[in-house]
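Asker: Before I ask anything, here is the structure I am working with.
Nothing in this text is a laboratory measurement; each read-out follows from the coordinates by a stated rule. Please read all numbers here as calculations on a predicted model, not as lab measurements. Cβ sites come from the backbone with ideal geometry, for glycine too, and all protein chains shown count toward neighbours.
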Amino acid sequence: MTTPSDFEKIASACIQHYESALKKKGKPHEKEWTLLSAIILWHNEENFTIASMATGTKCLGEVELNDKGNLIHDSHAEVLSRRAFLRYLYDEIERINDGGISKYIDFKSGKFRLKDNTKVIMFCSRTPCGDASIIPKQEEEPEAKRPKLDIHRTGAKCVPGEPMDERASGMGYHVTCSLRTKPGRGHPTRSLSCSDKIAKWCLIGLQGAIMMHFFDLPLYIHAIVLGNCPFNQECAERALFKRFDGKIPNLGKVYNKIEPIIYKTNTQFNHQQMNNRTVACGAAIIWWKSCKDQQVCVNGLKQGVSKKAKDSPKSRCSVCKLELFSTAQRLISKLKLKIESNEILKTYESYKQASVEYQRVWTLLREDALKNWPRTDRKLNSFS
């Protein structure tokens, strides 16, 4: 059982790893700030591993997207740490297949799964953007002297079909419980807020459709640990799972609605947004435990790539869709996995659709709880 002292230890370990294990390249300069996120595999206070870590604050606008799979559309830290976690899982799968031993993953009856008593914990230096960040501001003055109540605001915009922000003064500025898209670099994005994406992971797992070809059970988050930041327990629970109360049908035997523990620690991330750090860092760091070196991503590609080389393999980060898909295809072949499908398995989209049970549950969730979740243009997933 995890305790508050465990969560404080996790947060401190993540900050220490960022400060000592990650190189300076990609970190904010003096007046810049960033977000930090990590995924931890936990047995107990003496036996846990930071499996992946990332920083990042940026997204590509819809007009910047392509159908090659080489760009990372959403470079917020929470999203990148999850992508790096997938890379870590693929490395562990290959290690086991090659005769090695994994500390946290078992192979049974032709499928992989987390070992008993292994918990997945996510660390975020700040409350996830979107609905979880719409929280009342703390008032320190006596009640009689307090001004009209106000809220911390989010730059994420409500998606079409959801209740829209009224933009009234104070507490009436935002509506709550709406799905939202992140702001881009001058152009609207199609990237859902981190609150929405984490809420989805609480319903259908961190692993995504293609990873379910390897695992027999989804990978759910046991706890979300936050750094010292503006926070409201009720608002966080509303955003990440309670807003779907009464809207989740019976998902079957494999998938369930999970309500993770949410805990704010006293651990301070010194590169977060504050008075002397007002400019969002344009670079994002990507790291996972088995990688040779951290990668730095800018505008969806590796930092330092020239315009001439932007479509070449060396421009791609290892956690973009194309690289993750190529890794999955290689391992499916190496492990001789049999995937049943009504169509020829060639494109990224075809492999996603072949994850039948995952797609069945995702369709159920989009009938009510996530009915306005924007649909990805299948052309963007047509690469192979």
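Asker: Any idea what the dipole of segment 202-329 comes to, in debye rounded to 20, about its Cα centre with Lys/Arg Cβ at +1 and Asp/Glu Cβ at -1?
Answerer: Numbers: 17 positive and 8 negative charges, 98 e Å.
With only Lys, Arg, Asp and Glu charged at Cβ, the dipole is about 460 debye.
Asker: Tilt of helix 321-334 relative to the longest C-alpha principal axis of the chain, in degrees (0 to 90, nearest 10)?
Answerer: 30
Asker: Which one of 135, 70, 164 is farthest out on the positive end of the charge dipole of segment 46-181, using unit charges on Cβ (Lys, Arg +1; Asp, Glu -1) and the Cα centre as origin?
Answerer: Projecting each Cα onto the dipole axis, the largest value belongs to 70.
Asker: A follow-up question, please. Can you compute the helix-only [θ] at 222 nm over the chain? Use -39500 (n - 2.57) per DSSP H run of at least 4 residues, normalise by all residues, nearest 500 deg cm²/dmol. All intermediate terms of the calculation are to be shown ahead of the outcome.
Answerer: Working: 8 runs with 91 residues, N = 384.
-7000 deg cm²/dmol, from helical runs alone.
Asker: Ranked highest first by average number of other Cβ atoms within 10 Å, how do 172-181, 268-277 line up?
Answerer: Details: 172-181: 19.1, 268-277: 14.6.
The most tightly packed comes first, giving 172-181, 268-277.
Asker: Setting aside same-chain residues fewer than 8 positions from residue 371, which aspartates and glutamates have a Cα under 15 Å from its Cα?
Answerer: Filter leaves 162, 196, 245.
Asker: Let me ask something additional. Restricted to Cα positions, what overall size does segment 1-56 have along the principal axes? Three whole-Å values, descending.
Answerer: 40, 18, 17
Asker: Is the shape of segment 161-239 rounded, prolate or oblate, going by the alpha carbon gyration tensor and its root eigenvalues a ≥ b ≥ c, with a/c under 1.5 for rounded and a/b larger than b/c for prolate?
Answerer: Working: a/c = 2.34, a/b = 1.59, b/c = 1.47.
It comes out prolate by the Cα gyration axes.
Asker: Over the chain, what is the percentage of antiparallel beta bridges among all DSSP beta bridges, to the nearest 5?
Answerer: Details: 35 of 47 bridges.
Around 75 percent of the beta bridges assigned by DSSP in the chain are antiparallel ones.
Asker: Something else now. If the cut-off is 15 Å between C-alpha atoms, which aspartates and glutamates fall inside it for residue 9, apart from same-chain ones fewer than 8 positions away?
Answerer: Cross-link targets: 45, 46.
Asker: Charges on Cβ only, +1 for Lys and Arg, -1 for Asp and Glu, centred on the Cα centroid of segment 281-374; of 324, 303, 337, which one is farthest towards the dipole's positive end?
Answerer: So the residue we want is 303.
Asker: Assuming R0 = 30 Å, what is the FRET efficiency of residue 106 and residue 379, from their Cβ-Cβ distance, to the nearest 0.05? Could you put the intermediate results ahead of the total?
Answerer: Numbers: r = 38 Å, r/R0 = 1.28.
The value I calculate is 0.20.
Asker: Using only Cα atoms, locate the centre of segment 246-317 and the centre of segment 46-123, then give the distance between them in Å, rounded to an integer.
Answerer: Cα centroid to Cα centroid, the span is 11 Å.
Asker: While we're on this one: Please turn the phi angles of segment 353-361 into ³J(HN,Hα) values with the Karplus equation 6.51 cos²θ - 1.76 cosθ + 1.60 (θ = phi - 60°), one per residue in order, whole Hz, x for glycine and proline.
Answerer: Values per residue, Gly and Pro as x: 5, 6, 7, 5, 5, 4, 5, 4, 5 Hz.
Asker: For an R0 of 51 angstrom, estimate the FRET efficiency from the Cβ-Cβ distance between residue 343 and residue 153 and round to the nearest 0.05. It would help to have the intermediate numbers written out before the result.
Answerer: Details: r = 45 Å, r/R0 = 0.88.
Efficiency at R0 = 51 Å is approximately 0.70.
Asker: Next question. Report the net charge of residues surrounding residue 112, where surrounding means a beta-carbon distance below 13 angstrom and charges are Lys +1, Arg +1, Asp -1, Glu -1. Walk me through the numbers on the way to the answer.
Answerer: Details: positive: 95, 108, 111, 113, 115; negative: 91, 92, 94, 106, 216.
Result for the neighbourhood of residue 112: 0.
Asker: For the residue pair residue 334 and residue 293, what label-to-label distance in nm results when each label sits 7 Å from Cα along the Cα-to-beta-carbon direction?
Answerer: Each label point is offset 7 Å from its Cα along the Cβ direction, giving 2.2 nm.
Asker: Among 85-91, 215-221, how do they line up from the highest to the lowest mean number of other beta-carbon atoms within 10 Å? Could you put the intermediate results ahead of the total?
Answerer: On the way: 85-91: 22.6, 215-221: 18.6.
The most tightly packed comes first, giving 85-91, 215-221.
Asker: Determine, from the Cβ-Cβ distance of residue 12 and residue 177 and an R0 of 45 Å, the FRET efficiency 1/(1 + (r/R0)^6), rounded to the nearest 0.05. Before the final figure, lay out the partial values.
Answerer: Values: r = 33 Å, r/R0 = 0.73.
Using R0 = 45 Å, I get an efficiency of 0.85.
Asker: What span do the alpha-carbon atoms of segment 222-376 cover on each of the three principal axes, reported in whole Å from largest to smallest?
Answerer: 55, 51, 29
Asker: Shifting gears a bit: Contour minus end-to-end for residue 357 and residue 115, with contour as 0.36 nm per residue of separation and end-to-end as the Cα-Cα distance?
Answerer: On the way: separation 242, 0.36 × 242 = 87.12 nm, distance 2.21 nm.
Stretched fully, the residue 357-residue 115 segment lengthens by 84.9 nm.
Asker: Measure off 7 Å from each Cα along the Cα-to-Cβ vector at residue 247 and residue 29, then give the distance between these two points in nanometres to one decimal.
Answerer: Placing both labels 7 Å along Cα→Cβ, they lie 4.2 nm apart.
Asker: While we're looking at this one, here's another question. If you take the square roots of the eigenvalues of the alpha-carbon gyration tensor of the chain and sort them as a ≥ b ≥ c, do you get rounded (a/c under 1.5), prolate (a/b over b/c) or oblate?
Answerer: Values: a/c = 1.37, a/b = 1.34, b/c = 1.02.
Judged from the Cα gyration tensor, the chain comes out rounded (a/c under 1.5).
Asker: Classify segment 219-299 as rounded, prolate or oblate from the Cα gyration tensor: take a ≥ b ≥ c as the square roots of its eigenvalues, call it rounded if a/c is under 1.5, otherwise prolate when a/b beats b/c and oblate if not.
Answerer: Note, shape of segment 219-299 comes out oblate.
Asker: Any idea what the relative contact order of the chain is, in percent, if you count C-alpha pairs under 8 Å spaced at least 6 apart? Before the final figure, lay out the partial values.
Answerer: Values: 728 pairs, mean separation 94.3, N = 384.
Reported relative contact order: 25 percent.
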